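*Asks:* Sharing a structure with you now.
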Amino acid sequence: MSLFDTRVPAVLLRTDRNPFHHGTLGAVRSLGRAGVDVHLVADCAGSPVGASRYVSRVHTPPPPGASPAEIAAVLRRVAARVARPAVLIPMDDACAVAVGLVRAELAPSYLLPDLPGALPGRVADKAELAGVCAALDVPHPTTLVPDGPREAARAAWRLGLPVVAKWSRPWLVPPGSALRSTVLVRSAGEARELYGRAEEAGSRLLLQAFLPPGPDRDWFFHGYADRSGAVRAGGPGRKTRARPRGAGLTAVGRWTENPRVRALAERVAAELGYRGILDLDFRRCGTTGRYHLLDFNPRPGAQFRLFTDTAGLDVVRALHLDLTDRPLPDGEPRPGRTFVVENYAPLSALRPAPDGRELAWHAPDDRAPGRALWA
């Protein structure tokens, strides 16, 4: 008998048009290997993800920047085609925020974690996260939200150059605008000029104190908070290579036990009453040794498959099992396991991995996405 209720399909939702979104492929493979029908609501044109043998059907997604109402309308059309209740998994922040706001009208067509509808937006918004951390007494870089160009320049001086500049809702930045979600600002003039593009970016500019990168400083935590609030699956990991270096996405990650990171992540989830999949980013301060929460993503992180335990459980499988009233198996952690995004770190994909390794694109049982990647 299957551990999963394979009568219940999964619908993966993404409006981000990045064709190399390997987290989506990880979710497709994880659930498809478990016998679950996987429906993909995403733009797969030119993407290796659509080549996976585990995709049951691809549906036309909402356009980037779609409103919650527009996203709900698309999901209702997908539900009519699927014709049975499905587990819905937003794969980017924009979709997670929108689904939280229209959660009530998506039921009963979709199964979703029971959490306050505004919570995904609160934690995903970089400016609001600073307030959340202050209320919870969780370390977070000193953050200022200027209300004008002069104030932006003054804030940069107050924080001490260089400073980190972020758009509070980076998913609203228009594609092709040449604006980056996060950038290191090295002068007050740069901060002033960047503030002038706030209307184009679609959200507030915030400036943060810069915590320098370094060995053993960049950490992440993936987990699934079940209906009781207990954090299951996932674990803490260390970012060993990033793209771009020092401040980008994880190119190589390693499952590394860290009780302090785990305890901090579990406390944040518990005090917020969070339910569902979470992906947290931390940076350890080289001076104080404290772990600062940099980002709270209310959806699967791109490297979530790193945390696959001895029972085969990961955060996406934990979500499906929990929402279909199935027990979660008790597996053991696999510290030392690595995850490599081979188009960003090809040499790391060739090095020995005695504790186990998972590649983002290549898999022996699903070769087409790996071939499509290099093509």
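*Asks:* Quick check, is Val74 of a type outside the set (Asp, Glu) and touching a strand residue (DSSP E or B) at 6+ places or on another chain (Cβ under 6 Å)? Walk me through how you get there before you give the answer.
*Replies:* Numbers: of a type outside the set (Asp, Glu): yes; touching a strand residue (DSSP E or B) at 6+ places or on another chain (Cβ under 6 Å): no.
No.
*Asks:* Condition first: within 30 Å of Arg14 (Cα to Cα) and among the basic types (Lys, Arg). Now tell me which residues in region 150-209 satisfy that.
*Replies:* Matches in region 150-209: Lys166, Arg169, Arg180, Arg197, Arg204.
*Asks:* Can I ask one more? Would you confirm whether or not region 33-42 contains a residue that is more than 18 Å from Arg305 (Cα to Cα) and in a loop (DSSP other than H, G, I, E, B)?
*Replies:* There is at least one residue in region 33-42 that is more than 18 Å from Arg305 (Cα to Cα) and in a loop (DSSP other than H, G, I, E, B).
*Asks:* Separate question: Give me the residue from region 98-128 that is open to solvent by 60 Å² or more (accessible area, probe 1.4 Å) and of a type in the set (D, E, K, R) and, out of that set, farthest from Ala225 (Cα to Cα).
*Replies:* Per the criteria, the residue is Glu105.
*Asks:* Does Arg262 qualify as being among the charged types (D, E, K, R), open to solvent by 20 Å² or more (accessible area, probe 1.4 Å) and on the phi < 0 side of the Ramachandran plot?
*Replies:* Yes.
*Asks:* Can I ask one more? Of all residues in region 33-46, count the ones that are open to solvent by 10 Å² or more (accessible area, probe 1.4 Å), out of contact with any Asp or Glu (no Cβ under 8 Å at 6 or more places or on another chain) and in contact (Cβ under 8 Å) with a residue 60 or more places away in the chain.
*Replies:* So the count comes out to 1.
*Asks:* Does region 129-151 contain at least one residue that is open to solvent by 50 Å² or more (accessible area, probe 1.4 Å), assigned to a helix (DSSP H, G or I), at pLDDT 95 or above and in contact with a Lys or Arg (Cβ under 6 Å, 6 or more places away or on another chain)?
*Replies:* yes
*Asks:* Could you count how many residues in region 329-355 are surrounded by fewer than 18 Cβ atoms within 10 Å (Cβ to Cβ), in contact (Cβ under 8 Å) with a residue 12 or more places away in the chain and hydrophobic (A, V, I, L, M, F, W, C)?
*Replies:* The number of residues fulfilling the criteria is 1.
*Asks:* Considering only region 231-243, I want to know if a residue exists there that is in a loop (DSSP other than H, G, I, E, B) and surrounded by fewer than 18 Cβ atoms within 10 Å (Cβ to Cβ).
*Replies:* No, that holds for no residue.
The values are calculated or read from the model by the stated rules, or taken from the named source; none is laboratory data. Source: prediction; values computed, not measured. We place every Cβ from the backbone using ideal geometry, glycine too, and count neighbours over all the protein chains shown. For accessibility, only protein heavy atoms count, side chains too; no ligands or nucleic acids. Shrake-Rupley method; radii C 1.70, N 1.55, O 1.52, S 1.80 Å.
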